[in-house]
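Here is the structure we will look at, set down as structure tokens.
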Amino acid sequence: MASFTRRQFGGFVGGGALAAAGAGVLSGFAIAQGKGRVVIVGGGAGGATVANKVKAAAPELDVWLVEMQPQYTTCFFSNLYLGGFRTLESLTHGYDGLKAMGINVVNDMAVGVDAGKKTVTLKGGDKLSYDRLVLSPGIDLKYDSIEGYSAEAAEMMPHAWKAGVQTKILKDKLTAMADGGTVVLAAPPNPYRCPPGPYERMCMIAHYLKTEKPKSKLILLDPKPKFSKQGVFMEAFNKYYKDIIQVNLTNEIDNFAVVKVDAKGGSVTTKDGNTIKADVANIIPAQRAGKIVHEAGCSEGDWCPVKPDSFLSTKVPDVYVLGDSSVATQMPKSAFSANSQAKVVATDIVAALAGKDAFPPRYRNTCWSMVAPDDSVKVGANYTAGEKDGKPVLVAKDSFISKPGEDAKLRQETFKESFGWYSGIVSDIFAKSA
Ligand SMILES: Cc1cc2nc3c(=O)[nH]c(=O)nc-3n(C[C@H](O)[C@H](O)[C@H](O)COP(=O)(O)OP(=O)(O)OC[C@H]3O[C@@H](n4cnc5c(N)ncnc54)[C@H](O)[C@@H]3O)c2cc1C
């Protein structure tokens with residue numbers, strides 16, 4: 001229904017006049033008085049799905065989605081763009097589908113939360129009151145975990161771990177590199193967004209080099225001794241990219257952790273003192289939950305503890321934190337996970353505010369990774385709320401993982417399945433046909 005620039009929005013609410021005013025104070029909108037307002041910060045895999053599912057289940061609720069970007073480029077499948085299998089445009093999605101459902105999409109940045117007054121402050125100073133608040137801001141990068149790395153340095157040595165401009169910088173640098181060049185990929189320490197992502201990226205960059213610049217090298221510097229889907233990735237590295245990829249997994253003294261970069265000089269230094277000159281360096285640093293959850297008081301350290309049966313914050317009442325920002329042990333930080341968690345969050349909110357039935361939470365995740373044309377692998381599980389060492393956690397059940405040596409037909413089916421998943425999840429998040 002409605003979309004607001006910050007200026008229009010300020011005009012409607014009078015720059016903060018909504019604080020603690022409750023739902024239904026806006027005139028000119030079809031808002032049922034007193035039915036409850038849901039404010040969602042972050043219009044990505046988690047947040048946009050919550051907005052969609054709450055509005056679909058209870059159209060009478062007043063749903064606001066605050067997103068700082070006018071469009072969302074998916075990290076998922078962004079490695080395929082680097083490999084030459086997708087365009088960036090095909091990975092970029094707008095909010096028209098959600099607006100058409102009657103969701104108020106505000107293109108602004110949330111900068112503060114007053115949990116006592118139940119308000120969210122936007123960058124320009126306007127405030128939105130809420131009955132339930134949902135925070136799904138994704139990750140922030142810990143630039144200071146690597147000496148010499150910063151937001152400015154990332155323009156020369158991109159992380160490309162938030163998709164869009166950063167992914168394009170990395171692609172352009174690969175395109176501009178001469179044949180025979182050296183590409184370095186510095187993987188992040190745990191926990192981080194998309195555990196198989198760096199290794200799918202290794203395959204996609206190596207595919208590009210193999211087909212366009214076969215004399216080039218791709219060096220993995222990893223601060224971890226092992227990684228997600230390692231068996232099938234190592235098989236793919238050897239099978240398809242033997243002459244291109246060099247894998248360096250760390251030992252017990254973190255020898256292959258990147259500790260320093262010289263972005264202008266183009267060099268990368270590891271903990272054991274080796275300096276490598278890179279023509280292209282993809283530096284993916286350590287990560288933490290998006291800034292707004294820390295402002296809201298939802299975090300403990302870098303991430304946000306939540307109740308596994310609802311994703312309600314354990315620290316702040318009536319606030320949900322989901323997606324990458326949450327501690328969803330043992331669910332990995334993925335778009336599939338965030339989308340699955342969002343459906344539980346939406347059900348919980350609708351039950352609380354609209355008095356409709358909630359059903360027991362069920363979660364699922366699958367992460368596909370493309371390793372070569374017509375060859376994809378996957379890992380996944382179902383999850384239920386349970387306990388481990390006396391602590392509430394999400395417990396994996398029915399888990400599955402691709403195995404080395406699978407036949408080509410099965411891999412091709414997995415490849416096709418992943419493309420079907422992409423179209424499906426994008427429509428499920430943004431209420432659009434992909
Ligand atoms: C290279 C790569 C490949 C990946 N591949 C896969 C894959 O194949 N499958 C899979 O399931 N997952 C994959 N992922 C992981 C997936 O992208 C994330 O786990 C998922 O997007 C997390 O959803 P989220 O809602 O937590 O955060 P996001 O989707 O990042 O959404 C957060 C949104 O919040 C907005 N925001 C942040 N702060 C504010 C604020 N203060 N005010 C307003 N807006 C704000 C941001 O602009 C952003 O749009 C991949 C990730 C990477 C990096």
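Compared with the alpha-carbon gap, the fully stretched path from Val165 to Asp318 is longer by 51.6 nm at 0.36 nm per residue. Can you give the FRET efficiency to the nearest 0.05 for Lys35 and Asp407, using r as the Cβ-Cβ distance and R₀ = 45 Å? Plugging the Cβ-Cβ distance into 1/(1 + (r/R0)^6) gives 0.25.
Computed 3J(HN,Hα) for segment 283-299, one whole-Hz value per residue from the Karplus formula 6.51 cos²θ - 1.76 cosθ + 1.60 where θ = phi - 60°, is 9, 10, x, 4, 10, 8, 4, x, 3, 4, 5, 6, 4, 7, x, 8, 9, glycine and proline marked x. In the chain, the calculated helix contribution to ellipticity at 222 nm averages -8500 deg cm²/dmol per residue, counting -39,500 (n - 2.57) for every DSSP H run with n ≥ 4. Listed by chain and number, the lysines placed with their C-alpha closer than 21 angstrom to that of Lys215 are Lys171, Lys173, Lys239, Lys242, Lys277; residues fewer than eight positions away on the same chain are left out.
Annotation: amide H-H contacts under 5 Å for Ile40 (H modelled 1.01 Å from N, sequence separation of 5 or more, or interchain): Trp64, Leu65, Val66, Val134. Site pair Asp172 and Thr92 shows an inter-label distance of 1.3 nm when each label is modelled 7 Å from Cα along Cα→Cβ. Surface composition of segment 147-285: carbon plus sulfur atoms contribute 51% of the solvent-accessible area (1.4 Å probe, protein chains only, all chains present).
So if each residue of separation counts as 0.36 nm, and I subtract the Cα-Cα distance between Glu295 and Lys239, what length gain in nm does that give? Taking Glu295 through Lys239 to full extension adds about 15.4 nm, to one decimal. Mind listing the long-range amide H neighbours of Cys75? Cut-off is under 5 Å, sequence gap 5 or more, other chains count too, H placed in the peptide plane at 1.01 Å from N. The answer is Ala163. Distance from the C-alpha centroid of segment 160-199 to that of segment 338-379: 27 Å, rounded to the whole angstrom. Taking trypsin sites (Lys or Arg not before Pro) across segment 186-257, the ones in a DSSP loop with at most 12 further Cβ atoms lying within 10 angstrom of their Cβ are Lys215, Lys226, Lys242. Surface composition of segment 368-422: carbon and sulfur make up 56 percent of the accessible area, probe 1.4 Å. For the chain, complete DSSP H runs whose alpha carbons reach 24 Å or more along their own long axis and whose mean Kyte-Doolittle score is 0.5 or higher are 335-354. Give the residues of segment 400-434 whose amide nitrogen is closer than 20 Å to a point set 7 Å from the Cα of Gln71 in the direction of its Cβ. 422-434, by backbone N distance to the label point. Could you pull out the pairs from Lys35/Lys343; Lys123/Lys162; Lys224/Lys397 whose alpha carbons sit more than 24 Å apart here? Result: Lys224/Lys397 exceed 24 Å. Using the Cβ of Ala153 as centre and a radius below 12 Å, the other residues enclosed give a net charge of -3, where K and R count +1 and D and E count -1. Accessible surface area normalised per residue over segment 147-285 is 41 Å², counting heavy atoms of protein chains with a 1.4 Å rolling probe. Each Lys or Arg adds one and each Asp or Glu subtracts one; over the other residues with Cβ under 15 Å from the Cβ of Asp279, this totals +3.
The values are calculated or read from the model by the stated rules, or taken from the named source; none is laboratory data. Everything numeric in this text was worked out from a predicted model, so none of it was measured. Every residue, glycine among them, receives a Cβ derived from its backbone with ideal geometry; neighbour counts consider all protein chains shown. Heads up: the accessible areas ignore ligands, DNA and RNA and are worked out on the full protein's heavy atoms, side chains in. Shrake-Rupley method; radii C 1.70, N 1.55, O 1.52, S 1.80 Å.
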